[in-house]
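**Q** Let me begin by handing over the structure; questions about it come next.
The values are calculated or read from the model by the stated rules, or taken from the named source; none is laboratory data. All values derive from a computational prediction rather than experimental measurement. Note: ideal-geometry Cβ built from the backbone for every residue, glycine included; neighbour counts use all protein chains shown.
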Amino acid sequence: MRRLLPLCISLAVFMHFSLPPGNVGQAAGPPPQTSKQDWSKAATLVREKIDAEIESLQALYQHLHANPELAFEEFKTSARMAKELTALGFQVTGNIGGLGVVGVLKNGAGPTILVRTDMDALPVTEKTGLPYASKLRTRDKEGNDVGVMHACGHDMHMTCWVGAARVLTQLKDRWQGTLVFIAQPAEEVGGGARRMLEDGLFKRFPRPDFCLALHCDSKTPHGHVAYNEGLLLANVDTIDITVRGKGGHGSAPHTTIDPIVLAARIILDLQTIVSREVDPTDAAVVTVGSIHGGTKHNIIPAEVKLQLTVRTLKDSVRKHVLEAIVRLAKAAAEGARAPEPTVRIEVDDFTPAVFNNAELAKKTTGVFRQVLGEGKVHNIGPIMGGEDFGRYGREGVPIFLYFLGTMKPEQVKAAKEGGPPLPSLHSDFYYPEMTPSIRSGVLMMSLAVLNLAGKD
Ligand SMILES: [Zn+2]
Ligand SMILES: [Zn+2]
């Protein structure tokens, strides 16, 4: 179970973790050199290996897609990932930070490269209509009966990760160094990377010189890649507010303190944080994603619960926004003569911003540009999504996370021209185009590793 901690403690934890923006992920590791090598031959070789593996990878993807598991419950999925790496000769250790899997493959002197996949699915009922769609149901942490779906594409991440491991073991004569392939649990709820690190990921196993990961993108055509040098994804905080009042009969509001009216006021007050308190040139989001209170038309309840997600790019803005939420909630309650509301931040859920190492991003996308073509590698700005891959960078290791295009090109084109909008990640309709996404995902990750550890 995830712990709930009062705001004061979580802010102290935050202060401990925070690093000045700009330093994050920029430390250590030899500076990568920009590649002048011709990558067409290596790409052809990798494509040949993918051709030989594609049927097996399609079957793996369909199996994973049809059998999703929620965060912290990735029992079968982690066992499968461990089995895949063991079959390739990796030295595999399970149960790192819960259900995390670490596979190490040593191949002479050279850099240590960590390649990460995540494994967890979401409490979403799939509506894609795919023949291999998930039909599974389970209980979420509140005990509700929910569908389970790989709506964030982590099944594709795992398939590309296994594919790259297979290709790289077959091409051992083309690179030198150590591979650390990790399958991380619980990305969606933010606890997986932190737990693996706390369990000694960088101490019990070779400390990486570079960390690589990909994430599916539902806005980019397959065969394309999107990325940013530097800041890519936001700080993400999850907050629960319990607004308290005094219950009573709906016909006698003067005998009560109505927490529904108070909650409505707090929600509107929270909108002034970004619009009135944060510098307009700094990005921030405060979203109230859930409000629950009351049972019946004519009963004023005693409490209302709000669930918030907060996104920020700078640590200083994060600190300000979190403090402002507490201040405004308390002030509104005081104005309404209500008891003090409880504001709790789930420390386990915090995911720090993903800050891509600029040199590593340049070096890796240099190869992508050669192989995919200049027009298919897009340098985008930071976006307000979140990913706990950022935690590996906060340990001082250069990291690079890029987005793998997964959509039909004609679908993306139609959406741009005002046609049907594309589903977002986490949508019950989202799915990657299987075969082309596997092909380009395995190709790009294999080349990214060869680029860092390849023999000249
Ligand atoms: Zn997700
Ligand atoms: Zn995801």
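**Q** What is the one condition in (1) in a loop (DSSP other than H, G, I, E, B); (2) crowded, with 21+ Cβ neighbours inside 10 Å; (3) not hydrophobic (A, V, I, L, M, F, W, C) that ARG116 does not satisfy?
**A** So ARG116 meets the others, but not (1).
**Q** Follow-up. Given the criterion of a type in the set (Ser, Thr, Tyr) and over 27 Å from THR312 (Cβ atoms), identify the matching residue among THR128, THR242, THR238.
**A** Within the list THR128, THR242, THR238, the selection yields THR128.
**Q** All but one of (1) part of a helix (DSSP H, G or I); (2) in contact with a helix residue (DSSP H, G or I) (Cβ under 8 Å, 6 or more places away or on another chain); (3) not β-branched (Val, Ile, Thr) hold for PRO420, so report the exception by its number.
**A** For PRO420, the exception is condition (1).
**Q** Kindly indicate which of GLU410, GLU395 is assigned by TED's automatic domain parsing to the domain that holds GLY97, more than 16 Å from ligand 2 (Cβ to nearest atom), within 28 Å of ILE239 (Cα to Cα) and surrounded by fewer than 19 Cβ atoms within 10 Å (Cβ to Cβ).
**A** GLU395
**Q** Among the residues of the stretch 172-182, is any in contact (Cβ under 8 Å) with a residue 12 or more places away in the chain, buried (at least 21 other Cβ atoms within 10 Å of the Cβ), in the same structural domain as GLY375 (by TED's automatic domain parsing) and within 16 Å of ligand 1 (Cβ to nearest atom)?
**A** No, the stretch 172-182 contains no residue that is in contact (Cβ under 8 Å) with a residue 12 or more places away in the chain, buried (at least 21 other Cβ atoms within 10 Å of the Cβ), in the same structural domain as GLY375 (by TED's automatic domain parsing) and within 16 Å of ligand 1 (Cβ to nearest atom).
**Q** Which residues, taken from the stretch 396-420, are of a type in the set (Phe, Trp, Tyr) and either in contact with a His (Cβ under 9 Å, 6 or more places away or on another chain) or at pLDDT below 95 (or both)?
**A** Within the stretch 396-420, TYR402, PHE403 meet the criteria.
**Q** Among the residues of the stretch 183-204, what is the count of those that are among the hydrophobic types (A, V, I, L, M, F, W, C), within 13 Å of ligand 1 (Cβ to nearest atom) and either crowded, with 21+ Cβ neighbours inside 10 Å or more than 13 Å from the chain's Cα centre (by Cα) (or both)?
**A** The total comes to 1.
**Q** Moving on. State all residues of the stretch 251-274 that are in a loop (DSSP other than H, G, I, E, B) and exposed (fewer than 15 other Cβ atoms within 10 Å of the Cβ); if no residue qualifies, say none.
**A** SER251, ALA252
**Q** Checking the condition of a type outside the set (S, T, N, Q), within 14 Å of ligand 2 (Cβ to nearest atom), out of contact with any helix residue (DSSP H, G or I) (no Cβ under 8 Å at 6 or more places or on another chain) and in the same structural domain as LEU401 (by TED's automatic domain parsing), which residue from ASP155, ASP217 passes?
**A** Exactly one of ASP155, ASP217 is of a type outside the set (S, T, N, Q), within 14 Å of ligand 2 (Cβ to nearest atom), out of contact with any helix residue (DSSP H, G or I) (no Cβ under 8 Å at 6 or more places or on another chain) and in the same structural domain as LEU401 (by TED's automatic domain parsing), namely ASP217.
**Q** If you go through the stretch 338-348 one residue at a time, do you hit one that is surrounded by fewer than 17 Cβ atoms within 10 Å (Cβ to Cβ), farther than 27 Å from ARG194 by Cβ and either in contact (Cβ under 8 Å) with a residue 24 or more places away in the chain or among the polar types (S, T, N, Q) (or both)?
**A** yes
**Q** If you don't mind, there's one more thing I want to ask. Given ARG311, ARG327, which one is crowded, with 17+ Cβ neighbours inside 10 Å and modelled with pLDDT of 95 or more?
**A** On the way: ARG327 fails: crowded, with 17+ Cβ neighbours inside 10 Å.
Selected residue: ARG311, the only one of ARG311, ARG327 that is crowded, with 17+ Cβ neighbours inside 10 Å and modelled with pLDDT of 95 or more.
Rundown of residues vs (1) small (Gly, Ala, Ser); (2) touching a helix residue (DSSP H, G or I) at 6+ places or on another chain (Cβ under 8 Å), yes/no style:
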{"position": "ASN379", "(1), (2)": "no, yes"}
{"position": "GLY393", "(1), (2)": "yes, no"}
{"position": "VAL412", "(1), (2)": "no, no"}
{"position": "HIS426", "(1), (2)": "no, no"}
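**Q** Please tell me if CYS211 is within 16 Å of ligand 1 (Cβ to nearest atom) and not polar (S, T, N, Q).
**A** Working: within 16 Å of ligand 1 (Cβ to nearest atom): no; not polar (S, T, N, Q): yes.
No: the conditions fail for CYS211.
**Q** Then there's this: Any residue at all in the stretch 284-292 that is within 22 Å of LYS330 (Cβ to Cβ), surrounded by fewer than 17 Cβ atoms within 10 Å (Cβ to Cβ) and out of contact with any strand residue (DSSP E or B) (no Cβ under 7 Å at 6 or more places or on another chain)?
**A** no
**Q** Report yes if some residue within the stretch 399-406 is crowded, with 21+ Cβ neighbours inside 10 Å, more than 18 Å from GLY375 (Cβ to Cβ) and away from ligand 1 (no atom under 16 Å from the Cβ); otherwise report no.
**A** Scanning the stretch 399-406, I find at least one residue that is crowded, with 21+ Cβ neighbours inside 10 Å, more than 18 Å from GLY375 (Cβ to Cβ) and away from ligand 1 (no atom under 16 Å from the Cβ), so the answer is yes.
**Q** Another question about this same structure. Take LEU322 and decide whether it is within 30 Å of LYS41 (Cβ to Cβ) and outside any loop (DSSP other than H, G, I, E, B).
**A** Answer is no for this residue.
**Q** Could you tell me which residue of the stretch 214-244 is farthest from ligand 1 (Cβ to nearest atom), considering only residues that are closer than 19 Å to LEU401 by Cβ and among the charged types (D, E, K, R)?
**A** Ranking the qualifying residues of the stretch 214-244, first place goes to GLU229.
**Q** Pull up the stretch 275-287, narrow it to residues that are part of a loop (DSSP other than H, G, I, E, B) and of a type outside the set (Asp, Glu), then point me to the one that is farthest from VAL326 (Cα to Cα). Lay out the reasoning, then the answer.
**A** Initial filter on the stretch 275-287 (part of a loop (DSSP other than H, G, I, E, B)): 278-283.
Filter once more, keeping what is of a type outside the set (Asp, Glu): 278, 280-281, 283.
Values: VAL278: 15, PRO280: 21, THR281: 23, ALA283: 20 Å.
The extreme case among them is THR281.
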